[in-house]
1. I need the full set of residues from region 199-224 which are within 19 Å of the chain's Cα centre (by Cα) and either of a type in the set (D, E, K, R) or loosely packed, with under 14 Cβ neighbours inside 10 Å (or both), in order please.
2. Anything in region 78-93 that is open to solvent by less than 40 Å² (accessible area, probe 1.4 Å) and in contact (Cβ under 8 Å) with a residue 40 or more places away in the chain? List them, or say none.
3. Considering only region 23-41, how many residues are under 13 Å from residue 317 (Cβ atoms) and either at pLDDT below 95 or basic (Lys, Arg) (or both)?
4. Here are the criteria: (1) outside any helix (DSSP H, G or I); (2) open to solvent by less than 20 Å² (accessible area, probe 1.4 Å); (3) among the β-branched types (Val, Ile, Thr). Tell me which single one residue 96 does not satisfy.
5. Tell me, yes or no, whether region 42-51 has at least one residue that is among the aliphatic types (A, V, I, L, M), at pLDDT 95 or above and surrounded by 18 or more Cβ atoms within 10 Å (Cβ to Cβ).
6. Please tell me if residue 13 is over 22 Å from the mean Cα position of the chain (by Cα), surrounded by 22 or more Cβ atoms within 10 Å (Cβ to Cβ) and not hydrophobic (A, V, I, L, M, F, W, C).
7. With the requirement that a residue be open to solvent by less than 30 Å² (accessible area, probe 1.4 Å) and either part of a loop (DSSP other than H, G, I, E, B) or touching a residue at least 60 places away in the same chain (Cβ under 8 Å) (or both), what does region 129-148 give you?
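The values are calculated or read from the model by the stated rules, or taken from the named source; none is laboratory data. Remember, predicted model here, so these are calculated numbers, not experimental data. Neighbour counts are summed over all protein chains in view; Cβ atoms, including those assigned to glycine, are modelled from backbone coordinates with ideal geometry. Areas reflect the complete protein model, heavy atoms only, side chains present, ligands, DNA and RNA absent. Shrake-Rupley method; radii C 1.70, N 1.55, O 1.52, S 1.80 Å.
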Amino acid sequence: MRDAADSIRVIRGVPGMAYAVFSKDSVFDFQVIGYRVFKLKDSIERNDRFNIGSNTTAFTAYIAARLVESGKIKWTTKLLQIFPEFTRKTLPVYRTITLQDLLGSRSRVQPFMEMNEWSNIPVIKGDIVAKRKSFTYWILQQKPNMQNFNQQKIVFSLAGYIMAASMMEKVTGRSWEDLVTEYIRKPLNISMRYSWPNRMDPAAPAGHWYHGGSFHSEPPDTRIKVQPVLYPGQGISISMPDYIKYMQMNLQGLNGRKSFLSQAGFEFLYFGLPDYALGWNNGSFNDQSYAFHEGLSLLFNCRTEILKEKNRCIIVMANSGDKDGRGAVLDLTHLLEEKYF
């Protein structure tokens, strides 16, 4: 499998990859292949962090579930209940959206997935909580996504997750980053950073893309940044061992083992809504409950899948965000599915 994985990496022109297959209490396969930076031949190491892009949303939804179970907020809580001062300038189409609508991408809010859209975020003074609140107020005044005008149609919205995080910050009085520490980092004893891995550690894997006529890495000080306001939707960088630890906790909860969240809570996150629940796409695979998310990012790619009844999870990560990076992740995921799912 490692040889096959490396062949995919080379054919696709991806600098480095990591992959793992595991159950709630065992790891069946975990390998790292390739390099941290294109053409430098500095090998990926097992504890290197990768940015997981929009897979971050599953972490944000998990924190929301913890807050719901502790009574701090409800899935049906309306955004304007939390921010009544926004009512006067909120477009009518958004006045009834709830926490569940935002996390389930059924809010009619624009996807907000393009880099050129991020540059339009209003610049305000204040801490990160104030900035996310301002972002939420601004989005409520923007035209809705017409593809999603029927509220039941699912169109993934990065903006929706930032708005949900702002609701969570308001009811707790704590930043999303602090909530990550309280509900994930400390209980599981795992390490996470935000934005690109090499931003905090220049020796960490660099992100890569085809841009400006060439495929290349981006340096730590690149202008192509994940804005802190958007971290609840795409900011997390994590090592494979720590990501495995987090996902094993999810598998344990889904399979009825005592965890930080109830089994019903995990079921709702993964399968509570058809096709896309809260942070997870879902369906069936060989007649078993299946959930996945492809973590889109400009410079990285990550795909995470679970097969509930078989108690299996696959994670594949690459430090390339272009179409070949996505292709390599999908190609390798399909090979791992054939062997383990």
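1. 199
2. Those that are open to solvent by less than 40 Å² (accessible area, probe 1.4 Å) and in contact (Cβ under 8 Å) with a residue 40 or more places away in the chain: 79, 82, 83, 86, 90, 93.
3. 1
4. Among (1) outside any helix (DSSP H, G or I); (2) open to solvent by less than 20 Å² (accessible area, probe 1.4 Å); (3) among the β-branched types (Val, Ile, Thr), residue 96 violates only (2).
5. Looking through region 42-51, at least one residue is among the aliphatic types (A, V, I, L, M), at pLDDT 95 or above and surrounded by 18 or more Cβ atoms within 10 Å (Cβ to Cβ).
6. Criteria not met by residue 13.
7. 132, 135, 140, 144, 145
One line per residue, one yes/no per condition, for (1) part of a loop (DSSP other than H, G, I, E, B); (2) of a type in the set (Ser, Thr, Tyr); (3) surrounded by fewer than 18 Cβ atoms within 10 Å (Cβ to Cβ); (4) modelled with pLDDT of 95 or more:
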site	(1), (2), (3), (4)
155	yes, no, no, no
159	no, no, no, yes
166	no, yes, no, yes
171	no, no, yes, yes
174	yes, no, yes, yes
178	no, no, yes, yes
190	yes, no, yes, yes
